[in-house]
Amino acid sequence: MQTLIVEPNIVRPDDFYEALIDMHRDLTDEQSQMANAALILLLANHIGDLGVLREAIAAARTSVKPT
Amino acid sequence: MTTDYQKVEFPYVRSQDQDAREPVDHPVVVVGAGPIGLTAAIDLAQQGVPVVVLDDDNKLSSGSRAICFAKRTLEIWDRLGCGERMVQKGVSWNVGKVYFRDELVYSFNLLPESGYRRPAFINLQQYYCEGYLCEHAQALANLELRWKSKVVGVEGQGDGVALRVETPEGPYRLHADYVIACDGARSPIRGMIGQESIGRSFRDRFLIADVKMQAGFPPERWFWFDPPFHRNQSVLLHRQPDDVWRIDFQLGADADPEEEKKPERVIPRIQALLGRDAQFEIEWVSVYTFSCSRMDKFRQGRILFAGDAAHCVSPFGARGANSGVQDAENLAWKLKLVLARKAPDALLDTYDDERGYAANENIQCSTRATDFITPKNNVSRMFRDATLKLSKDHAFARRLVNSGRLSLPATLHDSPLNTPDCDTFSGEMAPGAPAADGPVMVRGDAGWFLAQIGGDFNGVYFSDGTLSGDIHRSFASLSRGAIPLTAIVVAPKGISLPDSPGGTTVVEDSEGLLRQRYDARAGTFYLMRPDQHVCARWRRFDVDATRAALARATCTG
Ligand SMILES: Cc1cc2nc3c(=O)[nH]c(=O)nc-3n(C[C@H](O)[C@H](O)[C@H](O)COP(=O)(O)OP(=O)(O)OC[C@H]3O[C@@H](n4cnc5c(N)ncnc54)[C@H](O)[C@@H]3O)c2cc1C
């Protein structure tokens, strides 16, 4: 069974982060939110494994609302 | 003369039971002559169980109700002998299209494969469906329809149920060994015994219009999210017989149902969709809200709840009547065996196991679709719209778009009546699955596999073109059991065999599709229930294993 990878896994983390922020360039808040939603959906499909996705969803929720 | 099914009125006829001193006893009383009560009554009567149907009204369904009847429902009605008329009158369709704003984002085919007798769906007004079922029921000698007969009291007793019935000529009493309560979403019977249907109501209102017009749209299901002609809401279009079209407009939660029904509000909405010059006539308009709910247990002693009385869904996915018809057929054969004392009462508990499982699946599908169509907050709307936008270019997102997961029969995976596989199989026909159809040749004529099975238990033997004397003798012995099993031999494509002397029907798998659909090889043997569900299968026929599986499927083990 796969589990959510939380150890460093992105090959060039700074490049990724820059690209992520860059995605939002010139976007209104609403467009940005829309782009975020699209990005989540695209990445979720790439991951595919429901167990991993549920773990990520839980981790994301805990980060804003600790249980 | 053609019958106007919207106007038919059935006469109230005094029954002899009204003059009896003591409540007359009937094996089965069905309460409610909607699609589910009628299906249950016909199935029982044709299996030899006399049935009385009581309905408080004397007309067929009125207004905008069910239109989409699914392939499995048609197969059930085929078994009962009333499917063909429905399909002849109905509009057959397989394709759905989804639009977002002004673009087609994708289209889907619900039955991409050929080699089935029935399409994924037909659209047919509920009054035709009920009218045809009623006409079929009226022709059965052991089925009695009593109109204007309202059940006002039920009381479970050890050996049955006492009923109080009100008629235009006053009340009378009846006694039934079993009652099937098909008295609809508000089920008075459910209330009388202190039960409830519990679940979730959705706030959004929907305007449902049936409109008569000449229009060139193809027979497909068209669904729009946020179209230019009805901003921020959804619209659904379906074609029905007689040039009638069903249009559902989502109105949001704040709409005023009385205002929205007024022609001056409805006509502009329809014109926005069809164009200002469109010629149409409004047949019906209603404003609905929807909910998904179910009773905790569909069996309450000797009262068995089926259809909307037992469970309700929002209509996205057309799982209401379609699931209720499956309830009816699940119950009919079990009740017949229990009444004939060939199976213990415990067999009726499995009605709740199996149809409760199916109801959960239907409620889950309908709830998810309704949530997708009517997002509850900004975030869910954002994900919804992002999904729709992505779906135009990305196949994965199309799988997430949910304009209704259209009714498919549940595969009863965990049913206690199944014998788990001990051999390896692939494909869909696992124990608990409703049997797949396929084209066959029977005695030189082209026909369909499902027309050969059902009503009784069947053993389906995939042969290499021969049938040994041993197997033949085993089939003959199984056919004489207390619960008889009728064997069907499936010969490979290209090989036609005469029916065997013992009466076993031989069919030719004329396009080889049965072998594929059942993942069958020479020697594969399937045990099928009277409701055409697989309950066991093996790579080799074994008479003892078959007997054990039959006992398990009837709680007689
Ligand atoms: C807008 C809309 C669209 C729908 N579309 C679809 C669809 O496309 N496909 C689908 O499968 N389903 C659809 N449905 C759901 C479908 O209409 C119901 O699931 C179906 O009618 C349920 O049938 P039933 O026999 O259980 O109950 P009902 O059809 O409600 O029949 C109950 C019967 O019981 C009688 N009765 C009630 N109380 C008593 C009493 N005390 N004594 C005697 N008789 C009594 C009533 O008169 C009635 O005849 C739709 C529903 C709506 C509202």
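The values are calculated or read from the model by the stated rules, or taken from the named source; none is laboratory data. It should be emphasised that the depicted structure is a prediction, and the values quoted were computed from it without experimental measurement. Methodologically, a virtual Cβ is constructed for each residue, glycine included, from the backbone with ideal geometry; neighbour enumeration extends over all protein chains shown. Side chains included, ligands, DNA and RNA excluded: accessible areas come from the protein's heavy atoms. Shrake-Rupley method; radii C 1.70, N 1.55, O 1.52, S 1.80 Å.
Points to keep in mind about this one:
- Interchain or long-range residues, amide H under 5 Å from B:Tyr106's placed H: B:Val98
- Look at the stretch A:36-42: the mean tally of other chain Cβ atoms within 10 Å of its residues' Cβ atoms is 6.
- Average Cα contact separation per residue, segment B:439-553, under 8 Å, 6 or more apart, as relative contact order %: 30
- The residue list B:Gly252, B:Phe372, B:Gly37 was ranked by how far each Cα lies along the charge dipole of the protein assembly as shown toward its positive end, using unit charges on Cβ atoms, and B:Gly37 comes out on top.
- Apolar share of the accessible surface for chain A: 59 percent from carbon plus sulfur atoms, 1.4 Å probe.
- Segment B:206-246, accessible surface, carbon-and-sulfur percent (1.4 angstrom probe): 47
- Rg then Dmax, both in Å and based on the Cα atoms of the protein assembly as shown: 26.9, 91.
- Burial annotation for segment B:369-398: residues with an accessible-area loss of at least 20 Å² between the isolated chain and the complete set of protein chains, computed on heavy atoms with a 1.4 Å probe, are B:Met382, B:Phe383, B:Ala386, B:Lys389, B:Leu390, B:Phe396.
- Relative contact order %, segment B:63-160, counting alpha carbon pairs below 8 Å whose residues are six or more apart: 32
- Taking label positions 7 Å along the Cα-Cβ direction at both B:Arg341 and B:Val152, the computed distance is 3.7 nm, reported to one decimal.
- Computed from the C-beta positions of B:Asn109 and A:Leu42 and an R0 of 30 Å, the FRET efficiency is 0.70 to the nearest 0.05.
- Vicinal HN-Hα couplings computed from phi for segment B:285-294 (Karplus, 6.51 cos²θ - 1.76 cosθ + 1.60; Hz; Gly/Pro x): 9, 9, 10, 10, 10, 10, 8, 10, 7, 7
- Long pairs among B:Lys89/B:Lys262; B:Lys71/B:Lys97; B:Lys334/B:Lys493; B:Lys7/B:Lys89; B:Lys89/B:Lys392; B:Lys59/B:Lys89, criterion Cα-Cα beyond 25 Å: B:Lys89/B:Lys262; B:Lys334/B:Lys493; B:Lys89/B:Lys392
- Rolling a 1.4 angstrom probe over segment B:4-155 with all protein chains present gives an accessible area of which 45% lies on carbon and sulfur atoms.
- R0 of 35 Å, Cβ-Cβ distance B:Arg186-A:Asp15: FRET efficiency to nearest 0.05: 0.05
- Set of segment B:207-243 residues, backbone N closer than 19 Å to the point 7 Å along the Cα-Cβ line of B:Asp256: B:207-208
- Accessible heavy-atom area order of A:Met34, B:Met441, A:Met1, highest first, probe of 1.4 Å: A:Met1, B:Met441, A:Met34
- Note on chain B: with charges restricted to the Cβ of Lys and Arg (+1) and Asp and Glu (-1), its dipole about the Cα centre is near 960 debye.
- Chain B - accessible surface per residue (Å², probe 1.4 Å): 41
- Separation of segment B:274-330 and segment B:1-80, taken as the distance between their Cα centroids, equals 17 angstrom.
- Förster-model FRET efficiency, 51 Å R0, B:Thr424 and B:Asp159, C-beta, rounded to 0.05: 0.60
- Estimated at 0.36 nm per residue, the fully extended path between B:Asp371 and B:Asp242 surpasses their Cα-Cα distance by 43.2 nm.
- This model, with +1 at the C-beta of Lys and Arg and -1 at the C-beta of Asp and Glu, gives segment B:288-416 a dipole about its Cα centre of some 320 debye.
- With contacts taken as Cα pairs under 8 Å and at least 6 residues apart, chain B reaches a relative contact order of 14 percent.
- Excluding ligands, DNA and RNA and using a 1.4 Å probe, chains A and B jointly bury around 900 Å² of accessible surface, summed across both partners.
- Accessible-area rank, largest first, for B:Asp25, B:Asp327, A:Asp29, B:Asp456: A:Asp29, B:Asp25, B:Asp456, B:Asp327, with all protein chains present and a 1.4 angstrom probe.
- Backbone geometry of segment B:534-551 corresponds, through the Karplus equation with coefficients 6.51, -1.76 and 1.60 at θ = phi - 60°, to 3J(HN,Hα) couplings of 5, 10, 6, 7, 9, 7, 9, 6, 9, 5, 5, 4, 5, 4, 5, 5, 5, 5 Hz, x marking Gly and Pro.
- Amide H contacts under 5 Å for B:Lys493, placed H, 5+ residues apart: B:Asp509, B:Gly512
- Charge dipole (debye, nearest 20) of the protein assembly as shown; +1 at Cβ of Lys and Arg, -1 at Cβ of Asp and Glu: 240
- Among the trypsin sites (Lys or Arg not before Pro) within segment B:28-117, those in coil by DSSP and having at most 14 neighbouring Cβ atoms inside 10 Å are B:Arg101.
- Under 18 Å of direct C-alpha separation, and excluding same-chain neighbours fewer than eight residues apart, B:Lys261 reaches these aspartates and glutamates: B:Asp204, B:Asp210, B:Asp248, B:Glu281, B:Glu283.
- Antiparallel %, DSSP beta bridges [both residues in segment B:447-557], to 5: 45
- Segment B:337-348 - phi-based ³J(HN,Hα) in whole Hz, Karplus 6.51/-1.76/1.60, Gly and Pro as x: 5, 5, 5, 7, 6, 9, 9, x, 3, 4, 4, 6
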